[in-house]
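Step one of this worksheet: look at the structure below.
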Amino acid sequence: MTLKEKLEILADSAKYDASCSSSGSARKNKNGIGNASVSGICHSFSSDGRCISLLKILMTNCCIFDCKYCVNRRSNQVKRAIFTPEEIASITINFYKRNYIEGLFLSSGIIKSPDYTMEKMIETISLLRKKYHFNGYIHAKAIPGASEYLIQKLGLLVDRLSANIELPTENGLTLLAPDKNASKVTDIMRFVKKKKSKIFTPAGQSTQMIIGATNETDLDIMSKSNNLYQNYQLKRVFYSAYIAVNKDKNLPSIKMPPLKRENRLYQADWLLRYYNFKVEDLLEKENPNFNILLDPKADWALRHLKEFPKEINQASYYDLVKIPGIGPTSAKKIISSRRFFTIHFNDLKKMGISLKRAKYFILCDGKYFANISCFQQSFITKNLILEETETKEERTTQQSLFYEGK
Amino acid sequence: MKESNFIYLYNGTWDELLKVIFWLLKEKRKPLQILEEIKYENNLLAKPFKPILDQKVLILKKYIPKEILKISYYVFLSSSQEKELIIYYFLLNSLKYHKEVIYMRNLRCVNKALMISKRVSREAHKWKGFLRFKEMQNQFLYAEFNADNNILEILANHFKKRLPKENWVIKDEKRDILCIYDQKKLYFLEGKDIQLDLNYNNKEKNTEELWKSFFKTIAIKERENRKCQQNFMPKKYWQNILEMESEQ
């Protein structure tokens with residue numbers, strides 16, 4: 001098998017992992033090649049619109065597990081390949097030197113045992129760090145069930161470590177991944193949280209959930225995320241719309257991955273982390289799924305219209321970020337500017353703050369953007385929905401998902 | 001002719017521009033325009049003026065916060081026609097408001113300076129990702145790019161930290177300027193001053209093929225979204241991005 005064929009097999013198997021971020025680490029160059037950029041850098045964008053920042057590959061797609069949703073499950077008849085540590089190191093260096101990538105994302109199927117797999121991964125990454133003096137970004141997957149001393153060793157070599165929780169509930173996991181065990185994943189998270197420092201996974205940990213393979217609601221998913229953020233200080237939870245690669249009686253037979261739903265989850269995830277929203281603000285037991293027509297913040301604002309319109313020149317930071325179309329950056333700009341002058345609609349434009357959505361929910365120096373009689377739920381809802389379907393949806397929605405960021 | 005009808009000239013360097021601006025501020029003069037000498041064309045309504053400058057005017061620099069100087073420098077690197085005047089008024093206001101000047105978006109010069117410097121740093125950030133080096137026969141890496149703003153120096157400093165043990169050359173095609181790095185120092189040259197031997201290393205094709213096949217494989221076909229791809233990676237970059245060359 002040629003190196004190119006191997007790369008095709010092992011990149012193809014790794015592509016379903018959503019994480020490609022290269023941000024959060026400030027690793028410096030120590031007498032070798034490469035460094036990390038705190039804000040992360042996208043080097044290319046694949047035809048699905050996702051950012052390519054890392055050489056995302058599996059060490060091998062051989063696996064002793066038989067997870068029903070996974071293309072590499074033991075019982076599937078697919079071409080298998082294994083990279084040697086030297087092969088991975090040399091491709092990484094050759095790509096890095098030419099500025100194709102920020103670094104390496106290394107995951108793996110499980111061969112022989114979790115410990116054996118981890119040892120092989122450590123050998124590969126050690127080679128890169130120690131022999132090639134590579135100081136670029138490395139994200140590695142920790143293998144659930146591997147011994148703590150190996151996780152310790154790997155954590156000291158990489159910028160980010162992650163273990164995928166895969167499904168939001170234990171039931172889902174038992175149904176689709178009988179060999180996996182949620183507590184083994186959370187054991188890794190707990191360990192990484194305890195050890196995290198400037199030299200141990202400086203860019204923190206993340207995880208991923210598959211969306212739409214089992215029947216959990218958005219409320220189940222968001223509650224799980226919230227719990228993961230609270231308990232393990234994860235940097236990110238990634239959501240991956242389920243793509244039917246296998247047929248199984250326990251799997252739904254869907255043709256199109258639920259991309260819109262995935263998008264809503266990312267938007268809500270942002271609201272939890274940076275906008276002070278709580279899961280119960282966004283969803284409730286009687287209404288456990290997001291509105292597909294409206295983003296979660298607009299949906300919330302329309303349900304709480306009596307709190308609006310908010311006066312831009314007076315609203316507190318927390319009130320400002322609750323306005324659809326205004327995020328932390330804009331809110332901070334508004335607060336620091338209004339100490340010096342009274343903000344009018346055209347000042348917001350000058351600050352680079354988009355009024356498309358915000359205008360329905362704000363007053364500037366007592367004025368509404370249109371006749372105040374327009375301030376009605378039906379009018380605003382209609383316009384926001386129109387807006388979302390009309391505009392370059394991909395731009396605004398995908399931005400937060402795959403572009404570099406926290 | 002009144003002083004307010006003077007066009008002040010400088011030699012095109014950042015240092016000299018700062019000197020002219022500080023001199024104007026010290027003399028309390030308001031320029032009609034500040035212009036690079038070579039761009040000056042005879043003008044009946046305005047009079048060219050080259051102030052006699054000495055190093056001392058740079059003393060004013062210490063009253064200007066570092067981040068304000070950085071923003072001004074980025075404006076200087078931009079292709080904006082009126083950048084010198086924007087910097088003049090931006091610095092004038094920063095003497096008055098210090099660091100807080102960046103919040104005074106209602107002032108035209110502040111708003112412009114912030115917008116333009118952001119545009120420059122965004123473009124530099126894009127190219128930090130999109131630049132593609134090729135390995136040449138005599139063991140150096142070579143990359144070309146086409147940018148609206150003059151970001152060669154920003155890129156060179158970025159790659160100096162990142163690839164300190166390689167020899168490389170980066171060329172700004174539009175301005176025909178190059179930066180050469182020899183594992184020690186950066187040298188900035190004009191295209192006419194140097195003849196490079198641009199023959200690819202024999203192994204180069206293999207590595208490029210490997211990358212192109214990775215690029216194709218990593219996309220999920222069920223999620224195809226060319227519009228989104230193009231939003232993040234607009235067509236104007238494609239001619240310099242190896243994996244997009246065939247897409248054009």
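Readers should treat all values here as calculations from the given coordinates under stated rules, not as data from a laboratory. In this text, all values refer to a predicted model and were calculated from it rather than measured experimentally. Neighbour counts run over all protein chains shown; Cβ positions are idealised from the backbone, glycine included.
Worth pointing out:
- Rounded to 5, the percent of DSSP beta bridges in chain A classed as antiparallel: 15 percent
- Rg(Cα)/(2.2 N^0.38 Å) for region A:251-387, N = residue count: 1.14
- Here's how it looks for A:F238: its modeled amide H is under 5 Å from those of A:T207, A:Q208, A:M209, which are all 5 or more places away or on a different chain.
- Of every Cα-Cα pair in chain A, the percent that sits beyond 28 Å: 51 percent
- Cβ neighbours within 10 Å from other chains - mean over A:92-99: 6
- Applying the criteria of a DSSP loop state and at most 15 other Cβ atoms within 10 Å to the GluC sites (Glu not before Pro) of region B:151-248 yields B:E173, B:E224.
- Shape metrics for region B:3-122, restricted to C-alpha atoms - Rg then Dmax, Å: 13.7, 40
- Of all the options B:I102, B:I170, B:I220, the one that moves most in a Gaussian network model of chain B with Cα springs shorter than 10 angstrom is B:I220.
- Evaluating 6.51 cos²θ - 1.76 cosθ + 1.60 at θ = phi - 60° for every residue in region A:208-223, the Karplus couplings come out as 9, 10, 8, 10, x, 8, 10, 9, 5, 8, 4, 4, 4, 5, 5, 5 Hz, glycine and proline recorded as x.
- Using a 4.7 Å Cβ-Cβ cutoff, the cysteines of chain A lacking any partner cysteine are A:C20, A:C62, A:C63, A:C364, A:C374.
- Under-5 Å amide H pairs with B:K47, H placed in peptide plane, nonlocal only: B:F6, B:I7
- Across region A:20-30, rounded Karplus estimates of 3J(HN,Hα) from the backbone phi angles (6.51 cos²θ - 1.76 cosθ + 1.60, θ = phi - 60°) give 9, 6, 10, 9, x, 10, 10, 3, 9, 7, 10 Hz, Gly and Pro being marked x.
- Each 5 Å bin from zero up to the one holding the largest Cα-Cα distance in region A:316-366 carries the following percent of pairs: 4, 22, 38, 30, 7, 0.
- Rounded to the nearest 500, the helix-only mean residue ellipticity at 222 nm of chain B stands at -12500 deg cm²/dmol, with each DSSP H run of n ≥ 4 adding -39,500 (n - 2.57).
- Isotropically averaged projected area of region A:59-141, using the convex hull of Cα atoms (one quarter of hull area), nm²: 5.8 nm²
- Region B:98-218: C-alpha pair distances exceeding 21 Å, %: 51 percent
- Normalising the average separation of contacting C-alpha pairs (under 8 angstrom, six or more residues apart) by the number of residues puts the relative contact order of region A:163-208 at 49 percent.
- Relative contact order %, chain A, counting alpha carbon pairs below 8 Å whose residues are six or more apart: 14 percent
- Distance between the C-alpha centres of region A:271-320 and region B:167-219: 49 Å, rounded to the whole angstrom.
- For A:L54, residues with placed amide H under 5 Å, excluding near neighbours: A:E102
- Pairs of Cα atoms in region B:202-248 fall into 10 Å distance bins, from 0 up to the last occupied one, in shares of 23, 51, 23, 3 percent.
- Phi angles across region A:301-317 convert, under the Karplus curve 6.51 cos²θ - 1.76 cosθ + 1.60 with θ = phi - 60°, into 3J(HN,Hα) values of 4, 5, 7, 10, 4, 5, 7, 10, x, 9, 7, 4, 7, 10, 4, 6, 3 Hz, Gly and Pro given as x.
- For chain B, the antiparallel share of DSSP beta bridges with both residues in that region comes to about 55%.
- Here's the list of aspartates and glutamates a cross-link from B:K174 could span, going by alpha-carbon distance under 15 Å and ignoring same-chain residues fewer than 8 apart: B:E123, B:E144, B:D148, B:E153, B:E190.
- A straight chain from A:K184 to A:L156 at 0.36 nm per residue would run longer than the Cα-Cα distance by 8.1 nm.
- Under 21 Å between alpha carbons - lysine pairs in region A:54-126 that sit 8 or more apart or on different chains: 8
- Sparsely packed loop sites in region A:13-72 (the trypsin sites (Lys or Arg not before Pro) outside DSSP H, G, I, E and B with at most 14 other Cβ atoms within 10 Å) comprise A:K28, A:K30.
- For the cross-link pairs B:K128/B:K205; A:K30/B:K165; A:K332/B:K96, the ones whose C-alpha atoms lie over 18 Å apart are B:K128/B:K205; A:K332/B:K96.
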